[in-house]
Structure formats: C-alpha cells, structure tokens
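> Have a look at the structure that comes next, please.
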Amino acid sequence: MVNTNKVQLLQLPLAEVVEGLPSKSVKKIDKRILKHELVPEHRVLTLEEAAEVLGRLRVKPWQLPHISINDPVISLIGAKPGDIIEIKRKSPTAGETITYRVVVPY
Amino acid sequence: MRRVNENEPYMLHKIKFGVLSPHEIMKMSRVTVVRPDIYESDGTPVTGGLRDPHFGAIEPGERCPVCGNTREECPGHFGKIDLARPVIVPHYGETIYHILQSTCRVCGRILIPQKRAEYLLNLYDRLRDKWPRLAENLIAEVKKEASSATECPYCGARQFKIRFVKPFTYYEDKPEGETRLNPIDVRERLERTLDDDLRLLGIDPVKSRPEWMVITVLPVPPLSVRPSITLETGFRAEDDLTHALAEIVRQNERLKTFITSNAPETMIEDAWLTLQHVVSAYIDNELPNIYQLTHRRKRPLKTLAQRLKGKEGRLRGNLSGKRVNFSARTVISPDPLIGINEVGVPMEIAKILTVPLRVTPYNIEEARKYILNGPDKWPGATYVYKVRSGKKIDLRYFRNYKQLAESLEIGDIVERHLIDGDIVLFNRQPSLHRMSIMGHIVRVMPYKTFRLNLLVCPPYNADFDGDEMNLHVPRSYEAMVEAKELLLVQKHILTPRYGGPIIGGRQDYISGAYLLTVKTSLFTEDEVARILSRAGYEGGLPEPAIIKPRRMWTGKQLVSLFLPKDLNFKGKAKINAGTLKCDDEDCFHDSYIVVDNGKHLMGVLDKNAIGAEKPENLLHLIALEYGDEEARKLLDTLFKSFIRVLEMRGLTMALSDVDIPESAKDEIRKLTEEYKKRIEDMIKEYREGKLEPIPGRTLEESLELKIIQELQKLREEAGSIAVNNMDPFNDIFIMARTGARGGEVNITQMAAMLGQQTVRGRRITRGFRKRTLPHFREGDLSPEARGFVKGNFRDGLRPTEVFFHAAGGREGLVDTAVKTSQSGYMQRRLINALQDLVVSYDGTVRDTWGNIIQFKYGEDGVDPMVTHHGKPVNIDLIIDKVRGK
C-alpha cells in the first residue's frame, strides 16, 4: 500500500527550476562508462518504490544525499530532477550496499 | 515585550538574524551621546557623554536613573549617537551593491518584467525551505538577470553600471562621466525598493529593510559591555570600545558644526568620510583600506569584530570553550602498584576538590565525621548547605564544627573532600580520541603528582618526562554513574579505531613477560611466591615442572594460573622471525604461542601477545570473549608479576652489550671495502658514461639510486653480522627481539655502523660549492663524502660523520614539528565537520536536521570496537572452537 501523500510529496518543483533557469550546454557522454567496473549500478525508482523508500527511512526527499543532474551516469540513464536513484555499490565492509540519492538540478 | 518568568525553562525553536532598524535603536536608547569627553574635571561622568549614568548602574551602591536598580540588578541600557550624515555599514557593502545593481535607479523596482518576477518569486517560495541550496542558486541567477538589464521594465528609465570599491564606496557610470554615490543617495535608492522585489534578492524585508544597512543612528552599548578599570595608581582606563565611540562622537560633532556653519562642501565631504571610516573601524578594526583606530599611534583598538573573532574571541574562547571549576592539574608520575582503573591524587588536591553529599538517615554519621574534621584535615568538608535556612556555611571561617555536626539535618548538603573510591575524569591533551578522557577511581596519596598505572599510558600517549594531566570531578549522581559505566578505563581496553586493545604492555612489561615465560627460566618456590604475591594471587600452586634437586616451576605454569580456564589461543610471538621462524605448533624455538584450555603450553609472551596497540593478541581475545572485567583482572594481576620478574632479575645495558668480537669487526670491514669498490666502479662507469640508466631516470638519478641501494644492503649485512655475533640473552638484544624497545636498526647502529644519512630521502649533497664539507674534493661522489657513516656509536664517529648524522637528525626534528601542527589543524576541521553526526536507532547516520549521511553506519552497521581487527567475525577462531582445539 502506497501512501498517496508520499507520492504527492515527490511532485517537486525541481523540474520547473530547470525550465526556469537558462540551460547549460550538455556534453555528449560515452555510454561505455556504464559498463566500467568502478561505476556502480544506478536505477531510477518508480514513484511507488520511491514513496516506499522514503516511508521506510522516514525522510523527506531533500534529506537524502543529493546527486547532480550533471553527473555523467544520471544524464545517461535519463533521470530528471526530483527522481530518486538507487545505487548498488560494492563495499569493503559489507560486500554490497544499496544507497539512495535524489537528483538535483545543480 | 511580554515578561516571561526568568526561571521557566523553554525551548528555542529557531533564531532569526536581521538588521537592527533605526526605529528599534531609538526605542531602546535611553541617552543620546553628544560629547566625546568622558569625565568632567571634577571626576564625575559627563551627561550626554559615554559614561552617562543612564547607561546603567555599575558603581557599588549606585542607583540606576533608568530602572532604579542597583548594579547587581540593573541590566544596563543602550544609548545612541545621532549621526549628522548617514554612514554605510561596511559589512553590508556587498549586499547593498547587489541591490543597487538589480533595482531601477529611478523607481526602485527590480529589473525583471512583472510576469517573470512573479513566477520566480513563486518558485523561490516553494524551494526555500526544502531546497535551500537551490533557492540560493535561483537568487544568484535572478541577480545576474536583473543586473544585466539596461532599461527598467516598469518606468523605462535607463540603467547605468554601478562600480563598487570595497568596503563602502559606490560609483555610477553615467554617460557624462563617473559620479560617486554618497550614502544619502544610496539610502534613498534602497528606500524605494519594494518588499516583494527584495525577497527575490534573498532579503527578508520585514526583518531587514535594506535602507537600515545605511545607518543614521548608531547604538551605543551599555557600560557593562565596555567596563572601565581602575589601575592601582588610581588612574581610570577606559575600554577600547569606549575609546572608539569617543572618536565617533568627536568626528560626528565636527561634521555637525561644519554643516551648521555652512562650511565649504569639500570640508563637509571630508569630515563625512572620516566619520564613515571611524564608524567602520568601530565595527571591525581590521577591515582593509581603512584607517585603523589606535591607542596613541601604537596598539590597534580591539573593536566589536575583534572581540568575537579568532581563537581567543567570544565564540571559540568563551562559548565553545570555557574554564571550569572542580578540576585539577599537575605533573604525572608512574605507579605500577595501583590498578589500571585508579589514579593517585595528591592529598593537597583531595582537600580542595569536593563532592556534594546529601545527608540522609543512612549517611548522617559519615557526614558528621567529615564536618568534625573540618576543611584542613582529610577526609573533611569545606562547606555545608543548610536546607532549612538555605544558607551556605564556609568551614574555613565557621570554626564550631561540633555544634555544626550536631545540628546537621536530613537534606543538608555537605561538600566533602575527595576520598578513595570517588570517580573522576582524567585527561591528557591533545584530546585526539575518546580515550583521551577516561574515568578513574580516586586513591588519595602523599606527595604532589598524579599517579597512574603504566598500562594506561598508550591511550593517553603519556610519558613521565614532565607531562601534566587534568582531573575533573563529576558532582551529580547522574554524572558519576555515567562516568563509571561509560568512561571507566576498563571499558576502553578495546579501541573503536581499529578493533584491538589499545591498553596493554609496553617496554618493561614486555621484557618481563618474555623473561618470565622463556624456556630457560625456572623459579624456585621462594621466587614463585615473590612473583605471585605481587600479583595478589591467592590459591594453591600447581605441580612443579621439576622435582629434583629442587622443586621448580616454569613461567608458563605461573601465567596459566591467571588465564581463564577455557581459554584457547594460538599465535606467533614477536621473536618469531629470522632463525627463530616457525609457522605452526611444530616449533622448536618456543616462538609459537599455544594456550590450551587455560594452560599456557608453549611460546613466549612478548609484544605480539600482550603488547599495547597490537590487535588479535592474547589480551584482545580475552577482552572480546570474556569481557572487560576479565581483561582488567589480567592487567591488574599477571602484568604486575611481569614487573616483579624484572625487579628480581634486573634488566640493564652496558658498553659490553654492544661489543662484537674482533673477527666480526674484520668481517664488516672487509664487507665495507667490497661495497666501496663496487660503488667506485659504478662512479667510474658513470663518469665514462657507460652506466646503464634505470628506465625513467636520468643518469645522475640512476647512479644515486644504485648507490643508495648498495649502501642500504651493506648496512643490513653489517647489521646481521653484528646480531649473529650477539649473545641471545644480552639484555639489549632481548629488548629488541621481544619488541620492548628498539629494533635491529638500533642494535646495528650501536654495534656495527650508522649507515647512510639522508636529507629529504637523498644523500647529503648541500653545504659548500660542489662538496658537503671542506674535507672532501669538489665533485666527490664517494659514499664518505655524501653522508655515509661507517662508524658506530660504540667505537665513535669521525668529525665528518658527526656532522652528517646531525644533519639527518635535524630533519627529523623539523618534520615532527611541522607534522603535528598540520595534522592538528586538519583534525580540528574534520571534527567540526563531523561532530554532530549521529547513528540513529534505525542504523542510519544523520545530521541534526535529519539529513541522511550514510544509510547504514559503516555500510555494515558494525561497531568496530567489538570486531576482530575490523572483521565482524573471525572464522578461524570459530572453527577452532567448534572442533574443540
């Protein structure tokens, strides 16, 4: 069961900011970086998944760590400001860890 | 303002800072200062001067003319100076500049079309709370957009570029030429701005109207903020702030007279600018491009900003760091006989530091005893608080102890001396980690130093070459219990830094442990008794290892008496190296430690078994598996017996300990010749250009590298010759092998040769022209001429060698001095950044706003303090346990 309030919370004014501000030129990024060993797996969460994550952690989106829209991987996977990204990354202590980040337009 | 009960606790929700408005300044002002002099000729304060009585009562017995209170009650009152002409507050210069640039010079509207401005404001409002960083970016963008406009979208007026010269001058670039905007012009423009437009520029117009940044009236703080002091000579010295304010009044009055007497415009302008400078200096006397206010042309005045700034400023010196009561500091010295949880406190200190004792039916007799002893006889008391009268009685002056003791009631509080068994906090600076402050149990002792057990030196990084330490007394039951449960030394045997014991043996403890457990040591009944009695052992002796001709015990048997009965441990000893190397239990050299079911069967105890800061050793295992109490017992018993062994045997060094036979010396000499020849050949090859360079290096570098390599090998070989010719039970050699003190390098340097001296990792090259010392020819590349020392400490060095050694030694000193200051500052910044992060109950790491820093502490949620050197579980240990080995 997804709390509709949570979903509404995710409707952020972030995308508007991008429209509201002059856009910077986008560099073309080589797709092969996604396959590089040191680049962890990024995935955009669906609205429902994102609401679940936020509910579980009891945080508002802006309390998550941020990731820039200009991050090469983010622009490759086509995430938009306000999206929540799940990152699966190797960890020296825990083997594999999952972290979440919110995409921000700066 | 509503008057709240002063004692009522309340929660601060938030603090909002804004600019003080002239209206507000006027409202709180009780006096207008118009005269720069402070006292009349008869010594009374000038009315309308900077010591006007309306600033508040400060003399004893004086009544405040404003609030009617005496100096204890009067909070002090502000005054004001009405500035003849407005003045810019220099710290707002930048903000004012941005507003001037972004708003119309005629109508004051923001230089962004209505529609777009409304849209942006709406966006800004939605972003502000949740995405503050974004909102800031938005404002920066708005400023950029607005300041690039050339025409006002509202009134159509042409806009000109504004030039800002720090800290408070503005020029407008008009087509007919650049003109200066004086503060009145600036203030007028700021007054015209609209509230909504200001919000778009990131300013809260309710709390901070921009025109308030150009002040027309200056608040003058009360006297309690700038107290004057009376010197012994009877002269009065005023506070720096008062001097600065007097200068402001002086310049202000001068400007006033110029204006009223219709002086030429240039003179007025000049006086106005002077006033601007003086006001700026009053706020911050270290602004660039400003005339500093000074004390008779010498020392700069300490004005407002200087009071707050820096290490000794109000913030870092008085708010983040405070001086405290109930603390003591003195030199530390060692006492191997007290427990690791204890600290020896000098009697003199115990009679000054006190703990409040609330009188109950159960302790009233004890409390009476303290009172009868008085403040000078330990254990006594210094003060008594009577509940009924609420009075505090000082036992130094109230001498009738008998009557006081008799009239003692339940609920009274007796300030009693520090006694044995009290818990105190003990600290050594620099406080780099949490083990730098630990809880100790007091033991009152004679003499004047704090005594501490040698085993707690490593966490404090303390030694006894003059170190001093601080002691603090917790005075509430809550604090005492907290100290006992969380801070007690035994709770810090394991460190969270790397998952291992930080408390443990060093130096003599290690030599002693080795000499106790080494195979050659056998102890008679008498000796065993002496060793065990030091440890406080009570109980029977095991069956002796040898029965005839005398009953004798091995050290390992004695160690076993103290180990937990089901302890199993295996591991290599420190001496397990070189010729004594072995990898498993099949070890002839006694260098593999085996403890089976609490019986120490083989292997000597040395640094790897009982050393401080050595993870995965015997002490670590016991602390982890059996808890801190068991580990503490071991440290307080067995470890003391190590010292006893040394006391019986003695451990010392003599010149003869570093003597090596003449044959070995010959061998080293021959070796040196051999290497010298080889290096000479290399140099010759280099000179002829035939030397094979190392890839990526120049010819010179290659030669240097090769020479250094060769000489390194030479020293190692000479060292091993020396070591191989040494008696294994030579005391110095024992210390080096067991890891108690020194290493093979030190022995080599004493017995064989010092080897190559380096500065910045290179052979020594600097000094005279093309040579290091006048003893050598120019361009001499031979080892001797470039800092190679073939002498040793035993036989002595040649003059040139002494010089090279000093050069190398100096570098080490400089390095440590530089390194400590740099890493100290780095640590400070790191702590400031991390100090309020918290591991919350769901395992996440968050800051005080609830922002997530880490989704699980350390990504695995493991407390490193209870790990096996960082690993949560030690599989080998578990397998061994399951297999019953």
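> At q = 0.13, 0.18, 0.24 Å⁻¹, what base-10 log of I(q)/I(0) does the Debye formula yield for the range B:804-885 when every alpha carbon is treated as an equal point scatterer in vacuo?
-0.73, -0.88, -1.10
> Specify whether the C-alpha gyration tensor of the range B:582-656 places it in the rounded, prolate or oblate class, a ≥ b ≥ c being the square roots of the eigenvalues: rounded for a/c under 1.5, otherwise prolate if a/b is larger than b/c and oblate if not.
oblate
> Quote the FRET efficiency, to the nearest 0.05, computed for B:Asp526 versus B:Ala654 with a Förster distance R0 of 30 Å and r equal to the Cβ-Cβ distance.
Details: r = 28 Å, r/R0 = 0.93.
The value I calculate is 0.60.
> Report the extension gain between B:Glu538 and B:Ser327 in nm, rounded to one decimal, defined as 0.36 nm multiplied by the number of residues separating them, less their alpha carbon distance.
Details: separation 211, 0.36 × 211 = 75.96 nm, distance 3.83 nm.
Extra length from B:Glu538 to B:Ser327 when fully extended: 72.1 nm.
> Helix B:699-724 against the longest principal axis of chain B: what's the angle in degrees, Cα atoms only, rounded to the nearest 10?
The answer is roughly 50 degrees.
> Kindly provide the GluC sites (Glu not before Pro) of the range B:778-885 that DSSP labels as loop, not H, G, I, E or B, and whose Cβ sees at most 15 other Cβ atoms within 10 Å.
Answer in residue order: B:Glu778.
> Taking the alpha-carbon distance from B:Lys871 and a cut-off under 19 Å, which lysines remain once sequence neighbours fewer than 8 residues away in the same chain are dropped?
A:Lys90, B:Lys570, B:Lys614, B:Lys856, B:Lys881
> Once every DSSP H run of n ≥ 4 in the protein assembly as shown is given -39500 (n - 2.57) and the sum is divided by its residues, what mean residue ellipticity at 222 nm do you get, rounded to the nearest 500 deg cm²/dmol?
Computed ellipticity for the protein assembly as shown at 222 nm equals -10500 deg cm²/dmol.
> Relative to the first principal axis of the alpha-carbon coordinates of chain B, what is the inclination of helix B:114-128, with its axis defined by its Cα atoms, in degrees from 0 to 90 and to the nearest 10?
The answer is roughly 40 degrees.
> Distance from the Cα centre of the range A:59-89 to that of the range B:624-697, in angstrom?
55 Å
> Compute and list, largest first, the equivalent-ellipsoid semi-axes of the range B:327-499 from the alpha carbon gyration tensor, each √(5λ) rounded to a whole angstrom. The partial results should precede the final answer.
Numbers: eigenvalues 226, 58, 29 Å².
Output for the range B:327-499: semi-axes of 34, 17, 12 Å.
> Karplus couplings for the range B:176-187 from phi (6.51 cos²θ - 1.76 cosθ + 1.60, θ = phi - 60°), rounded to Hz, Gly and Pro as x?
Working through the residues one at a time gives 7, x, 6, 10, 7, 9, 7, x, 5, 4, 4, 4 Hz.
> Also, quick follow-up: When only alpha-carbon atoms are used, what values of Rg and Dmax, in angstrom, describe the range B:90-211?
Values for the range B:90-211 (Cα only, Rg and Dmax): 14.1, 47 Å.
> Let me ask another. Mean separation of Cα pairs under 8 Å and 6+ residues apart, divided by the residue count of the range B:307-414: what relative contact order is that in percent?
23 percent
> Which of rounded, prolate or oblate describes the range B:725-851 when judged by the alpha-carbon gyration tensor and an a/c cut-off of 1.5?
oblate
> Would you list the P(r) distribution for the range B:273-373, with all Cα-Cα distances sorted into 5 Å bins from 0 and each bin expressed as a whole %?
Per 5 Å bin, starting at zero, the Cα-Cα P(r) for the range B:273-373 comes out as 2, 9, 10, 10, 9, 9, 8, 7, 7, 7, 7, 7, 5, 3, 1, 0 percent.
> Nearest 10 degrees is fine. How inclined is helix B:240-260 to the longest principal axis of chain B, computing both from alpha carbons?
On a 0 to 90 degree scale, this one is about 20.
> Can you compute the equivalent ellipsoid semi-axes for the protein assembly as shown, i.e. the square root of 5 times each eigenvalue of the Cα gyration tensor, sorted largest first and rounded to whole Å?
They are 65, 44, 36 Å, listed largest first.
> Considering only B:Phe788, B:Gly767, B:Gly743, whose Cα is most displaced toward the positive end of the charge dipole of the range B:655-813, charges sitting on Cβ of Lys, Arg (+1) and Asp, Glu (-1)?
B:Gly767
> Loop only by DSSP, 16 or fewer other Cβ within 10 Å of the Cβ. Give me the chymotrypsin sites (Phe, Trp or Tyr not before Pro) in the range B:309-404 that pass, ordered by residue number.
Values: sites: B:Phe326, B:Tyr362, B:Tyr370, B:Tyr383, B:Tyr385, B:Tyr397, B:Phe398, B:Tyr401; in loops: B:Phe326, B:Tyr362, B:Tyr397, B:Phe398.
Passing sites in the range B:309-404 are B:Phe326, B:Tyr362, B:Tyr397, B:Phe398.
> Can you classify the range B:624-743 as rounded, prolate or oblate using the Cα gyration tensor, where a ≥ b ≥ c are the square roots of its eigenvalues, rounded means a/c under 1.5, and otherwise it's prolate if a/b beats b/c and oblate if not?
Verdict is oblate for the range B:624-743.
> Scale the Cα Rg of chain B by the rule-of-thumb value 2.2 N^0.38 Å and send over the ratio, two decimals.
Working: Rg = 38.8 Å, N = 885, 2.2 N^0.38 = 29.0 Å.
Taking the Cα Rg and dividing by 2.2 N^0.38 Å, one obtains 1.34.
> For the range B:152-276, count the residues as N, evaluate 2.2 N^0.38 Å, and divide the Cα radius of gyration by that value, please.
1.45
> What does a probe at B:Lys690 reach in the range B:697-718, counting residues whose amide N is under 17 Å from the point 7 Å along Cα→Cβ?
Residues B:703 qualify, since their backbone N sits under 17 Å from the label point.
> Just in the range B:146-251: which GluC sites (Glu not before Pro) are loop by DSSP and have at most 12 other Cβ atoms within 10 Å?
On the way: sites: B:Glu151, B:Glu172, B:Glu176, B:Glu178, B:Glu188, B:Glu191, B:Glu211, B:Glu232, B:Glu238, B:Glu247; in loops: B:Glu176, B:Glu232, B:Glu238.
Taking the range B:146-251 and a limit of 12 other Cβ atoms within 10 Å, the loop GluC sites (Glu not before Pro) found are B:Glu176, B:Glu232.
> Now for a separate question. Sort B:Thr360, B:Thr772 so that the residue with the fewest other Cβ atoms within 10 Å of its own Cβ comes first and the one with the most comes last. Show your work: numbers first, answer last.
Details: B:Thr360 11, B:Thr772 21.
Fewest-to-most ranking of B:Thr360, B:Thr772: B:Thr360, B:Thr772.
> Pick out, from B:Ala513, B:Ala631, B:Met602, the residue whose Cα sits farthest towards the positive end of the charge dipole of the range B:501-649, with +1 on the Cβ of Lys and Arg and -1 on the Cβ of Asp and Glu.
Comparing the listed Cα positions along the dipole, B:Ala513 ranks first.
> First measure r as the distance between the Cβ atoms of B:Leu432 and B:Phe235, then evaluate 1/(1 + (r/R0)^6) with R0 = 45 Å and state the FRET efficiency to the nearest 0.05. Walk me through the numbers on the way to the answer.
Numbers: r = 47 Å, r/R0 = 1.03.
Rounded to the nearest 0.05, the efficiency is 0.45.
> Here is a further query. Suppose every Lys and Arg Cβ carries +1 and every Asp and Glu Cβ carries -1, with no other charges. What dipole size does the range B:790-877 come out with about its Cα centre, to the nearest 20 debye? Write out the running numbers ahead of the final one.
Values: 10 positive and 11 negative charges, 103 e Å.
About 500 debye.
> Next question. Give me the mean projected area, in nm² to one decimal, of the convex hull enclosing the Cα positions of the range B:655-813.
10.6 nm²
> Give me the Kirkwood hydrodynamic radius of the range B:501-649 in Å, from all C-alpha pairs, to one decimal place?
15.3 Å
No value in this document is a laboratory result; all are computed from the given coordinates. Not measured: the values here are computed from a predicted model. Don't worry about glycine lacking a Cβ; one is built from the backbone with ideal geometry, like all the others, and counts go over all protein chains shown.
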